């Protein structure tokens, strides 16, 4: 596919080329990864000595997003991407392979990378820290282990860009750590203590930190020259929902279980639990369940299969920094999400609805079959995350009508509604989502999926 940048992506590219160390705070769905790759491509064509590039990122992003984005666009397929992931032996093997253009690594493995390479062997000329809010906990004396490890080589890297979906999701206090990697304290203070003393009140008893009057304006003015801030509503039609697919990959054993069900109407999960499907409709439902993370047996008992969608939901929550409305199609998803997210709550009473609209709930779970009608949820947020997929277009539409573009405009908000679909790559998830758009039959969708898989395989 030919990459044709939109105007805001040209801004991302030009900013990255013009500002060697800067922060790219761009709303999700505006194509910031492609914008960075476009800048890297121009640097490569110009013969710039900025390679290899290191991309620290959450595990899912490092494993799937960057490699997939390179493969997606014709102009970027010349980039060789190496993933420094897996066991220590697998990571070492990735480093020993012929030099790649881009190396991706999850933040948890940064201390290992520093220990393995050290400052003398540090090869990376350009660091692109994706979802850079992971660096917020950095302190010159203390703070996060991963950020401290990266700080050791910050001076050795000529180009550094922090990439995020929002500039300060949890408040101004998170900015110092991220900006230290860009200017080593030039704009916000050499130490975190200096930063606090200048712009915040700190309660000696409760340790609560609150900004001083005018702090936000002064801080933003101080960092403006090395910050690109783009909001979706400034570039997209607020009358249309912005759909953002979020693809994940299944671990190999789970993929084998899934493929067997797709082919044979039968598979085994857990400790020899047999799952049968008696019809095409039943099989499609089982496959959607497996994509979501569990599958029901004949007695309606759910059996765990994987948790791969949880990190994707975590990434969305962190990068948006805003409340998320999460429709739940399968009952087994509810306890799993509630366990992993302390701010999650099922919306089922009037008080729940009121608390959501008052901004007191960070993640609202809604069961469309029982709660899709009559709720007014537009005041509590504008982000909808479909954790799993369904064949029922009416249920999906009911959810979107609760917070969608029309509701936002009626409520007086000028903001784009973002609709995230977490989907297993090359699976029934995508088929169901496409089917809702084309209204084809389940049987036709299954045939199309098999044909597509057979051709690609």
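Figures for the structure shown
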{"quantity": "log₁₀ of I(q)/I(0) at q = 0.18, 0.20 Å⁻¹ - the range 338-392, Debye sum with one point per alpha carbon", "calculated": "-0.61, -0.75"}
{"quantity": "Debye log10 I(q)/I(0) for the range 38-113, one point scatterer per Cα, at q = 0.14, 0.15, 0.27 Å⁻¹", "calculated": "-0.44, -0.51, -1.33"}
{"quantity": "Full-stretch length increase - residue 117, residue 48 - with 0.36 nm per residue and alpha-carbon distance subtracted", "calculated": "22.5 nm"}
{"quantity": "Protection proxy ranking, peptides 200-211, 421-432, 262-273, 289-300, average beta carbon neighbours within 10 Å, highest first", "calculated": "421-432, 289-300, 262-273, 200-211"}
{"quantity": "Alpha-carbon centroids, the range 278-323 and the range 102-139: separation in whole Å", "calculated": "32 Å"}
{"quantity": "Gyration tensor over alpha-carbon atoms, the range 269-321, equivalent ellipsoid semi-axes in Å", "calculated": "27, 13, 7"}
{"quantity": "Using alpha-carbon coordinates, inclination of helix 442-456 to the longest axis of the chain, degrees", "calculated": "50 degrees"}
{"quantity": "Value of Rg to Rh for the range 129-210 (Rh from inverse mean 1/r over Cα pairs, i.e. Kirkwood)", "calculated": "0.96"}
{"quantity": "Gain on full stretching of the segment that runs from residue 271 to residue 145 - 0.36 nm per residue minus C-alpha separation", "calculated": "41.6 nm"}
{"quantity": "Antiparallel DSSP beta bridges within the chain, percent to nearest 5", "calculated": "20 percent"}
{"quantity": "Projected area averaged over orientations for the range 237-457, convex hull of C-alpha atoms, nm²", "calculated": "12.5 nm²"}
{"quantity": "Distance between modelled label sites at residue 155 and residue 193, nm, 7 Å Cα→Cβ extension", "calculated": "2.0 nm"}
{"quantity": "Cα long-axis angle, helix 393-403 against the chain (0 to 90 degrees, to the nearest 10)", "calculated": "40 degrees"}
{"quantity": "Extension gain (nm, one decimal) between residue 278 and residue 354, 0.36 nm per residue minus Cα-Cα", "calculated": "23.0 nm"}
{"quantity": "Estimated Rh, the range 284-381: Kirkwood, alpha-carbon pairs, angstrom", "calculated": "14.3 Å"}
{"quantity": "Cα gyration tensor, the range 8-82 - rounded (a/c under 1.5), prolate or oblate", "calculated": "rounded"}
{"quantity": "When the range 112-252 is reduced to its Cα atoms, the Kirkwood hydrodynamic radius in Å", "calculated": "17.3 Å"}
{"quantity": "Two-decimal log10 I(q)/I(0) for the chain, as the Debye equation yields it once each C-alpha is a single scatterer, q = 0.05 Å⁻¹", "calculated": "-0.20"}
{"quantity": "Approximate shape of the range 203-277 as ellipsoid semi-axes (Cα gyration tensor, √5λ), whole Å, largest first", "calculated": "51, 24, 12"}
{"quantity": "Normalised alpha carbon radius of gyration of the range 7-232 [divisor 2.2 N^0.38 Å]", "calculated": "1.02"}
{"quantity": "Antiparallel bridge percentage (DSSP; both residues within the range 7-232; nearest 5)", "calculated": "15 percent"}
{"quantity": "FRET efficiency, residue 217 to residue 68 (Cβ-Cβ, R0 41 Å, nearest 0.05)", "calculated": "0.55"}
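Just so you know, all these numbers are worked out from the coordinates, no wet-lab data involved. Values in this document were obtained by computation on a predicted structure and should not be read as measured data. Glycine gets a Cβ as well: all are built from the backbone with ideal geometry, and neighbour counts include every protein chain shown.
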